[in-house]
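Here is the structure we will look at, set down as structure tokens.
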Amino acid sequence: MNAGTISYYLAKGIIKYHKQVQQQLKNEPQLSKQIDELVEESKKVAEISLLNRGRLAGQILDEVAISKVESFISKNKVELQIGNEKGIFDVEGYFYPSGKTVIMEPHNAAMFITDGLKMKMVLRENATVLEFLHKFMHFNHCKSLGVRNTIT
């Protein structure tokens, strides 16, 4: 769990128990005021922590990052496909032995695929840095083995 996730849940806990604590501090106005300030700061942390967060509170790749990813992987002869955030969609240009198009299942966050000749990275809209890096590790493994020796 990263520091941002911990901060988010800590802030949510402070907000959740605010009224309970205030009841117990009726006769402590100074401490009560400090708790109110802590709650206000916690609301900001909780709000900021969710900005640009994707699955599992991961940092979402923004348009600039996607552009850099695409530029880098295309230099390595890897095509990038961005698909819908949810649901099933076709992985363009890849087919099962039966002839049916390879699909991205709803439970898949991302995919790296090769047929031994060409390579493709498939990310969903709002993909996270971690999802990209995980698939990038598969690309590096494929590259180290040799594309012709790797069929996914």
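The values are calculated or read from the model by the stated rules, or taken from the named source; none is laboratory data. These numbers were taken from a predicted model, which means no experiment stands behind them. Note that each Cβ is placed from the backbone with ideal geometry, even for glycine, and that neighbours are counted across all protein chains shown. Surface areas here come from the heavy atoms of the whole protein model, side chains and all, with no ligands, DNA or RNA. Shrake-Rupley method; radii C 1.70, N 1.55, O 1.52, S 1.80 Å.
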Of the residues in region 91-146, those that are surrounded by 15 or more Cβ atoms within 10 Å (Cβ to Cβ), charged (D, E, K, R) and under 22 Å from residue 58 (Cβ atoms) come to 120, 124, 131, 135
Of (1) open to solvent by 30 Å² or more (accessible area, probe 1.4 Å); (2) modelled with pLDDT of 95 or more, residue 86 satisfies all except one. Which?
(2)
Only residues that are touching a residue at least 60 places away in the same chain (Cβ under 8 Å), of a type in the set (A, V, I, L, M) and not in a helix (DSSP H, G or I): list them for region 115-140, please.
123, 127
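Under the condition of being in contact (Cβ under 8 Å) with a residue 24 or more places away in the chain, open to solvent by 30 Å² or more (accessible area, probe 1.4 Å) and more than 17 Å from residue 144 (Cα to Cα), which residue from region 67-83 is farthest from the chain's Cα centre (by Cα)?
Just the residues of region 67-83 that are in contact (Cβ under 8 Å) with a residue 24 or more places away in the chain, to begin with: 69, 73, 76-83.
Now drop any that are not open to solvent by 30 Å² or more (accessible area, probe 1.4 Å), which leaves 76-77, 79, 82.
Filter once more, so that each one left must be more than 17 Å from residue 144 (Cα to Cα): 79, 82.
Working: 79: 20, 82: 14 Å.
Residue satisfying both the conditions and the ranking: 79.
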